[in-house]
Amino acid sequence: MNPIIAELLLVIFLTIVGALAGSWVAGQHGLVFMAVSIPLLFFLRQFWQIQRLIRWTTAPLGTPTPSASGAWCAVFEALEWRGRRSSQVREQATLELERFRRAAEALPEGVMILDGNRTIEWMNLHAEACLGLKVSTDIGARITHLIREPEFIDYLDKVNQNVAPLELRTGRNPGRALLIQLASFAAGRTLLLVRDVTQLQKLATMRRDFVANVSHELKTPLTVTIGFVETAIDALGDASREEIAGYLAAAAEQARRMQHLIEDLLTLSSLETDAPPPFEEPVQLAGLLMEVKREAENLSQGAHRIVLETDSDEPPVLLGSMRELRSAFANLAGNAVRYSPPGATITLRWAADSRGGGGFSVTDSGIGIAAEHIPRLTERFYRVDRGRSRDAGGTGLGLAIVKHVLERHQATLDIVSEPGKGSCFSAAFPPHRIQAGNFS
Ligand code: ADP
C-alpha cells in the first residue's frame, strides 16, 4: 500500500481509538482532548522529520540517511537510492571522461580545444610537443598570444570556411613542418588538429630530387648516344667502316651505362619494396666470397692484386638472401677496384667477431675519401667526384644498394678512409645471421 495512505489510515485509526479511550476515561473532554492531540502530535512529528531531512541534506556527502518509520522511511529510502544512483552515474561519467582523455592522448596527432575566445582549454601531449607549448603553463592562455605567425591567425579566422589545412612553421618549434586543421564544434569551441609532417616533407623533397637526379643521369649518356649515332649516320658516305664502327661502339658504351643505371634503380626499388629476406636461406660464405673475388678480378683485368682472407678454413654460413648479399659484397669489391690505381692491393676478408657475429670487409690502398664525405656516401647519387665516378663506370647507387641490403640483414656498414691512403668498408652481421659451416 502507498505509505502516505497507510500513514493517514494509521493516524485516523489512532485518533478514533484514542478519542474512544478518552471518552471512556474522561467523557466528552477526554474525547475532544484525544481527537485533537493525536493529529497534533502526528503533525509535530512531520516537522521533526522535515528538520532531520534538512540537517541531512546539508551534512557532508556520504552521511547516512536518518532512520525513520512509516512514510518517512519511504522518503529516506528513496533519497538514499537516488544518492547511490547519482554517485554511480558520476563515477561512470568520470570513468568515461578519463577513457576519452586517454584515447585523445594516445592519438598520433596533436589535439587542442579552444573556447570562443581562442583560449586553450585542453591539449594532448602531441599538440604540446608539435607546437612547442607547455600543458602546465599554457592551458588558459590565448593561442594567438603563443603562436603569433600571421598566417596562423588568419587561418583561425577561417574556421567555418572549410579551407584546406594550413602548412605552418612556427618559431616555437623551429625545424618542424606542421599541418594544422580546424573544426568548430559545440558552443563556439574549436578543435585544432596538428600533425608533424617534417618527415613527409623530407620524403617528398627526396622523391623530387631523386626523379631530377635520375632524369639528369639518363640525359647525359642519352645525349652522347644520340650524338655518336648521328655522327655515324652523317659519316656513312665518306668515313671508313672502322670509323663508323668506332662511333657505334662509343654509342653502345653509353647505352650500356644507361642499362647499368636502370638495373641499379630496379635493384634499389625492389630492396625498398620487397619483403625482407627469409632467415632460412643458408648462404655458403666460402662460395660467395670466391665468386665476389672472381668478379672483382674480372673488373680489374689484372691491374690489381686481389687477396681473399678468412679467419678460419671453414667460413660460416650466412642466413639471408644470396642474391642481395652477392650484390652488396660485389659492389664494395667493385668500388675498391674502381677507386684504386693499378698495382694497388685489395683485400677481401671475412672474420668472426667476439659477440658471435661476423664481418665482411674490403680494404684497398686507393684514392681514399675525405672525412666530410663519409656520412653521405650511402645517399643515392652521392659521389665525391662526379666525373671520376662516371669515368669509372659508376652509377652513384652502389653504396645505397649496399646500405639497404645490410639493413635488411640487420647488419651495419662502417667506413674508415683517408685520402691518398685507401679505404676500408666493413659490413658487420649479428650472431643470429651466422651458422657454423663447412668449406666446400
Ligand atoms: P659510384 O657508382 O659512383 O661508385 P657508389 O654509391 O658505389 O657510387 O659510391 C659513392 C661514392 O663513394 C663514389 O662515387 C666514390 O666517390 C666513393 N667511393 C666508394 N667506394 C670508394 C672507395 N673504395 N674508395 C674511394 N672512394 C670510394
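Antiparallel beta bridges, as assigned by DSSP with both residues in the chain, represent about 90 percent of the total such bridges.
With the Kirkwood sum run over all distinct C-alpha pairs, segment 3-94 has a hydrodynamic radius of 15.6 Å. In this entry, segment 169-246 is assigned a mean projected area of 9.6 nm², taken as a quarter of its C-alpha convex hull surface. With the simple model of a label 7 Å out from the Cα in the direction of the Cβ, residue 386 to residue 252 spans 3.0 nm.
Over all pairs of different C-alpha atoms, segment 200-240 has a mean inverse distance whose reciprocal, the Kirkwood radius, equals 12.5 Å. Principal-axis analysis of the Cα atoms of the chain puts helix 3-58 at an angle of about 20° to the longest axis.
When you restrict to C-alpha pairs under 8 Å that are six or more residues apart and normalise by the size of segment 371-440, the relative contact order lands at 22 percent. Here segment 107-196 is assigned +1 on the Cβ of each Lys and Arg and -1 on the Cβ of each Asp and Glu. Its dipole about the Cα centre then comes out at about 120 debye. Treating the angle as unsigned and between 0 and 90°, give the value, to the nearest 10°, between the Cα long axis of helix 285-300 and the longest Cα principal axis of the chain. So the inclination is approximately 50 degrees.
Mind grabbing the base-10 log of I(q)/I(0) for the chain at q = 0.07 Å⁻¹? Debye formula, identical points on the C-alpha positions, no solvent, two decimal places. Each listed q maps to, in turn, -0.67.
Only the coordinates and a few stated rules stand behind these numbers; no lab work does. What you are looking at is a predicted structure, and each value in this text was computed from that prediction instead of being measured. Every residue, glycine among them, receives a Cβ derived from its backbone with ideal geometry; neighbour counts consider all protein chains shown.
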